[in-house]
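Below is one structure; the comments refer to it alone.
The values are calculated or read from the model by the stated rules, or taken from the named source; none is laboratory data. Treat the numbers as computed from the prediction; the structure is a model and nothing was measured. Positions of Cβ are backbone-derived with ideal geometry, glycine not excepted, and every protein chain shown enters the neighbour counts. Keep in mind that these areas ignore ligands, DNA and RNA; they rest on the heavy atoms of the full protein, side chains included. Shrake-Rupley method; radii C 1.70, N 1.55, O 1.52, S 1.80 Å.
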Amino acid sequence: MSEMLPPDPAPRMAPLAPQDFTDETRAFFDRWTGGFFKDADKNPVLMTFAHHPRLADLFSQFNVHLLTTNSLPVKLRQIAIMRTAWITGATYMWSSHLNTSRLCGLEDDMYGPIQRGADDPYFTAFESAVIRATDELVRNHEVGETSWRALKSEWDDKQMLDFLFTVGAYAMVAGVMKSTKIQRAADLRELAAQFGAP
């Protein structure tokens, strides 16, 4: 199905070639390959970030928290990340988190409603509040008072901070991915062909 999609633009910053690895780059991949990222040296995001291995290492530690020890329920975390990807037009991020969401066991019928937004009847009232707060944080860099109260009706301060940092981090990475033009592999393009992509 991926051949039905237009090709991804050529990268502005190509993934680092293995022959260009330094000792610091190799140490970065030695640390992360086989762990959370599995084949880190085949991941086009990490291979792009590897142009700056110290930054890549620090960000990877943060990202692992967001995806593993985050205090948000998995479905709400993924709704926030995927809504961020959708409204920022981050095609790689959206396609990648289609894969992540499906691996987490989330429903295939969730992705169209995420694209349509908080007023879609698929969502519970609280899920809609998460989407509205995500939209506000990405677009205005601030969660509005009504949305803040809605989130605080169920979440404690730790969860609020995890939400703010999750959306903030993924909005930032959306800009990095779009600016460097990281390309999707065939499996992600096939998911996007099935479920849509910004």
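Some notes on this structure:
- The chain, accessible surface, carbon-and-sulfur percent (1.4 angstrom probe): 55
- Per-residue SASA entry for residue 21, accessible area with 1.4 Å probe, Å² rounded to 10: 40
- Scattering from the stretch 89-131 was approximated by placing one identical point on each alpha carbon and applying the Debye formula without solvent; log10 I(q)/I(0) at 0.24, 0.30 1/Å stands at -0.91, -1.10.
- Under Karplus coefficients 6.51, -1.76 and 1.60, residue-wise ³J(HN,Hα) of the stretch 148-162 in Hz, glycine/proline x: 4, 5, 5, 5, 5, 5, 10, 10, 8, 5, 4, 5, 4, 5, 4
- Virtual paramagnetic centre 7 Å along Cα→Cβ of residue 36, amide N under 20 Å, in the stretch 156-197: 158-177
- Charges were assigned to the Cβ only: +1 to each Lys and Arg, -1 to each Asp and Glu. The resulting dipole of the stretch 79-143 about its Cα centre is roughly 180 debye.
- Percentage relative contact order, the chain, counting C-alpha pairs under 8 Å, at least six apart: 34
- For the chain, a Kirkwood radius taken over Cα pairs fed into Stokes-Einstein (4 °C, viscosity 1.567 mPa s) yields D = 74 µm²/s.
- Put a plus charge on the Cβ of each Lys and Arg, a minus charge on the Cβ of each Asp and Glu, and nothing anywhere else: the dipole of the stretch 19-69 about its Cα centre is then about 160 debye.
- For the set 51, 65, the ranking by accessible area, highest first and with no ligand, DNA or RNA atoms included, is 51, 65 under a 1.4 Å probe.
- Percent of Cα pairs exceeding the 22 Å cut-off, where the set is the stretch 39-151: 38
- Projecting label points 7 angstrom from Cα along Cα→Cβ for residue 157 and residue 142 puts them 2.1 nm apart.
- Surface per residue (accessible, 1.4 Å probe) for the stretch 74-195, Å²: 44
- Exposure rank, largest accessible area first [96, 179, 128; 1.4 Å]: 179, 96, 128
- Lysine pairs meeting the criterion (Cα under 29 Å, 8 or more apart or interchain), as found in the chain: 11
- Sparse packing (at most 12 other Cβ atoms within 10 Å of the Cβ) combined with a DSSP loop state is found for the following GluC sites (Glu not before Pro) in the stretch 21-129: 107.
- Exposed loop sites here are trypsin sites (Lys or Arg not before Pro) assigned a DSSP state other than H, G, I, E or B and surrounded by at most 15 other beta carbons within 10 Å; excluding them, the longest clear run of the chain is 39-198.
- Once the Kirkwood radius over Cα pairs is known for the stretch 19-69, the Stokes-Einstein relation at 4 °C and 1.567 mPa s delivers a diffusion coefficient of 119 µm²/s.
- Taking all protein chains together and rolling a 1.4 Å probe, residue 131 ends up with roughly 0 Å² accessible.
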